[in-house]
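Here's the structure, in structure tokens; my notes come after.
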Amino acid sequence: MSIMRPNYLSIDIGGTTIKTALIDHSGKIQSKNRVRTPQNLEELLKVLKIEVDRVLDLIRGIAISCPGKIDTKTGIIYFGGALPYLDGISLKNIFEKQYALPTSVINDGKAAALSELWVGNLKGIKNGAAIVLGTGIGGGLILEGKLFQGSHFQAGELSFMMKPSSRPSMRDMYGSIGSAVALVEQAAEILHLADKQDGEEVFKAINQGDERVYPIFQMYCREIAYVILNMQSILDLQRVVIGGGISVQEILIKEIICQYEAVREEVKIIQK
């Protein structure tokens, strides 16, 4: 491969937005872009082609992360999570055939864990986890210094964790309960915002302690604290990192820690 192509294109396909980044071999971001995620496969492939063509002369490989259970060997996506139209699709095959460039595809939560292990807050950590708050709750586990995929490439899929219910449904799954997108939409509705996905305005109200939405935010953070506590009881981790677009809000991390410590204080045995 020509040394004139020193970079790689990283593509994160989320339920709401697609984020792309041109990165070098050390993980340093050269440029980045963001577009809305289409709601069908045909439009998605058109958008991805535009993003690849834009930097084609600069890249030597493509790395894709997206929701779903993903066979990293074949690149086939199963279920598709927030994007069910990806079920059964191999983006790896599509892009390798189209561009003759090596292409990898991995679950978004696992990609987050790997990136944190490589150049982030899990670097040097033997046992840790990444939690990605988005349309659902993505997750990735680093155990014994390596990414743990599980028997069916499904380890760390926190969205599928359930809360007890007399009539279980998707609403009882943590993918719904812990959805950052749903939190923003619910708060935006209460605040009478025209744009129900206006996270900036929602968090402006949250940071101001707006009583109309702050209790909802607190409950959301408590649910994430429960997820962390349950993971910790099973895996005995050294560190958990929080990702997703919502994680740039400092108040989110502070409130999750606050709720985590509150639960530990209420149930003393957890402190042991």
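The values are calculated or read from the model by the stated rules, or taken from the named source; none is laboratory data. Small disclaimer: the values here were computed from a predicted structure and weren't measured. Glycine gets a Cβ as well: all are built from the backbone with ideal geometry, and neighbour counts include every protein chain shown. These accessible areas exclude ligands, DNA and RNA; they are computed on the full protein's heavy atoms, side chains included. Shrake-Rupley method; radii C 1.70, N 1.55, O 1.52, S 1.80 Å.
Scanning the range 133-187 for residues that are among the aliphatic types (A, V, I, L, M) and assigned to a helix (DSSP H, G or I) turns up Leu158, Met170, Ile177, Ala180, Val181, Ala182, Leu183, Val184, Ala187.
Conditions tested, residue by residue: (1) of a type in the set (S, T, N, Q); (2) closer than 16 Å to Gly138 by Cα; (3) open to solvent by 50 Å² or more (accessible area, probe 1.4 Å).
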site	(1), (2), (3)
Gly27	no, no, no
Val55	no, no, no
Ile70	no, yes, no
Pro102	no, no, yes
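Any residue in the range 15-23 that is in contact (Cβ under 8 Å) with a residue 24 or more places away in the chain, closer than 26 Å to Ser151 by Cα and not hydroxyl-bearing (Ser, Thr, Tyr)? So far as the range 15-23 goes, yes, one or more of its residues are in contact (Cβ under 8 Å) with a residue 24 or more places away in the chain, closer than 26 Å to Ser151 by Cα and not hydroxyl-bearing (Ser, Thr, Tyr). Residues in the range 82-92: is at least one part of a helix (DSSP H, G or I) and in contact with a helix residue (DSSP H, G or I) (Cβ under 6 Å, 6 or more places away or on another chain)? Yes: the range 82-92 contains one or more residues that are part of a helix (DSSP H, G or I) and in contact with a helix residue (DSSP H, G or I) (Cβ under 6 Å, 6 or more places away or on another chain).
Between Asn121, Asn93, the distinction of being open to solvent by 40 Å² or more (accessible area, probe 1.4 Å) and more than 22 Å from Gln39 (Cα to Cα) belongs to Asn121 only. If the condition is being open to solvent by less than 40 Å² (accessible area, probe 1.4 Å) and aromatic (Phe, Trp, Tyr), then the range 210-240 contributes Phe217, Tyr220. Restricting attention to the range 171-209, the residues being open to solvent by less than 50 Å² (accessible area, probe 1.4 Å), in contact with a Lys or Arg (Cβ under 9 Å, 6 or more places away or on another chain) and either under 16 Å from Gly138 (Cα atoms) or among the charged types (D, E, K, R) (or both) number 4.
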